[in-house]
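A short worksheet on the structure shown next.
The values are calculated or read from the model by the stated rules, or taken from the named source; none is laboratory data. This one's a predicted model, so the numbers in the text were calculated from it and none came from an experiment. Cβ atoms come from the backbone with ideal geometry, glycine included; neighbour counts cover every protein chain shown. Side chains included, ligands, DNA and RNA excluded: accessible areas come from the protein's heavy atoms. Shrake-Rupley method; radii C 1.70, N 1.55, O 1.52, S 1.80 Å.
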Amino acid sequence: MEQIIIKNISEETIDIYKTCFDRNGSPKNEENIKWQFLSRPNYKKYVDIAFDEAASKTAAIYAVSPVPFKIGENKVIGTQSLDTITDVDYRGKGWFIKLANSVYQKAANDGVALVYGFPNGNSIHGFKKKLDWAVLDPVPFLIKPLGSEYFTKKLSFLKFLPNIKFSYFKYKNSKKYNLIENRTFPVDVDRIWQNFVRDIIVCVNRNKEYLDWRYIHKPNENYRIIHCYDEKQNYQGFIVFVVKEKHDGKIGYIMELIYNPDFPETGKLLLQYANDRIRKQNADCILSWCMEHSPNYSVFKREFYINMPEKIRPIELHFGVRSFDEKFTDIVNKRENWYISY
């Protein structure tokens, strides 16, 4: 007979958390679990682990991760929905919905403003119909092709074509701006970010504390961070990118492109630099997430990033949100208010 108790994430429960994912075909790295949920002592933990004491194993998990948020002029705490899984022996018993509602209630009681995330094709129905999420699709995939092979492998009727490398403008040093690679974020990044989002209503607050945690302290990643300075050594912005072997190809990812919007040429220079370095690593293509109303959208388009066709998207993802505070609901439920990136 099942004896289910609910546990939170901690040093003592990391093992049962990881084991459930490993056992069900979605292996987790212990370092990454600690980074995601335990590395920021100032944030509460909103994780429900349904543990069957009789069988001594985890039945199901639902986890969200707190992040700083900007909603209009308000600085609040939001959460990103990350991990949801039900062990194969406990499916069909409604654990996903039970745990999600439990986590949401705890977060709402603590004044958390919202939960958002990117459910896959299998789970989007549950988030929308049973958890009252507003779906703000589509996820704004942009792609810059660097060779034809990525497309021909995805589209069977083109498989006979040879791999053709596309030739693009190569990066050239600027006389006006200096680019420096450095895996730290200067304190001036807060000033640049505040200027960048002056017309953005809803977004994760990418301040220095968040950027350090997300890109410097995250284990098992090799992000490249390029900073831009003008002739007087004034800080003007940065780009974060990485190349990974994923989705049957070698893919470049533009994680962030943030710069002083009063000098859009800095964004163009940073993106050209990243494009050139990714191309030199023989990537098949470069992916980014960027909405049409985002401050940096025109920079991506000028560098020949195009909207990614549904047929060649590497995974089916959706974009959604649920507000926990009525005064924010109408604001966060509008796609045109959001800024997102990889």
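Rounded to a whole number, what % of the accessible area of the chain do carbon and sulfur atoms account for, probe 1.4 Å?
48
Below 8 Å, C-alpha to C-alpha, sequence gap of six or more: please give me the relative contact order for segment 179-334 in percent.
Relative contact order of segment 179-334: 19 percent.
From the helices alone, meaning DSSP H stretches of at least four residues, give me the mean residue ellipticity at 222 nm for the chain, per-run term -39500 (n - 2.57), in deg cm²/dmol to the nearest 500.
-7000 deg cm²/dmol
Once you have the Kirkwood Rh of segment 63-122 from its Cα pairs, apply Stokes-Einstein at 20 °C and 1.002 mPa s and quote D in µm²/s.
167
For the chain, report the translational diffusion coefficient in µm²/s to the nearest whole number, using Stokes-Einstein at 37 °C, 0.692 mPa s, and a Kirkwood Rh over Cα pairs.
Once the numbers are plugged in, D ends up at 151 µm²/s.
Accessible area of Thr19, 1.4 Å probe, to the nearest 10 Å²?
Spelled out: Thr19, probe radius 1.4 Å, area about 70 Å².
Segment 195-342: D in µm²/s via Stokes-Einstein (Kirkwood Rh, Cα pairs, 4 °C, 1.567 mPa s)?
77
Which whole-number percent of Cα pairs in segment 1-42 have a distance greater than 11 Å?
Result: 68 percent of Cα pairs exceed 11 Å.
Can you give the local net charge around Met291? Use residues other than it whose beta-carbon is closer than 11 angstrom to its beta-carbon, Lys and Arg +1, Asp and Glu -1.
Result for the neighbourhood of Met291: -1.
Roughly what percent of Cα-Cα pairs across segment 28-74 reach past 14 Å?
Of all Cα-Cα distances in segment 28-74, 64 percent exceed 14 Å.
Would you mind counting up the charge near Gln3? Only other residues with Cβ under 10 Å from its Cβ, with Lys and Arg at +1 and Asp and Glu at -1.
-3
Just the Kirkwood number for segment 169-265, please: inverse of mean 1/r across all distinct Cα pairs, in Å, one decimal.
Taking the inverse mean of 1/r over all distinct Cα pairs, segment 169-265 comes out at 14.6 Å.
Take the alpha-carbon positions of segment 16-152, form their convex hull, and give its projected area averaged over all directions (one quarter of the hull surface) in nm².
For segment 16-152, averaging the hull's shadow over all directions gives 11.7 nm².
Which value, in Å to one decimal place, does the Kirkwood hydrodynamic radius take for segment 276-340 when every pair of different Cα atoms is included?
14.6
Compute the semi-axes of the equivalent ellipsoid of segment 7-93, taking the square root of 5 times each eigenvalue of the Cα gyration tensor, and list them largest first in whole Å.
They are 27, 14, 11 Å, listed largest first.
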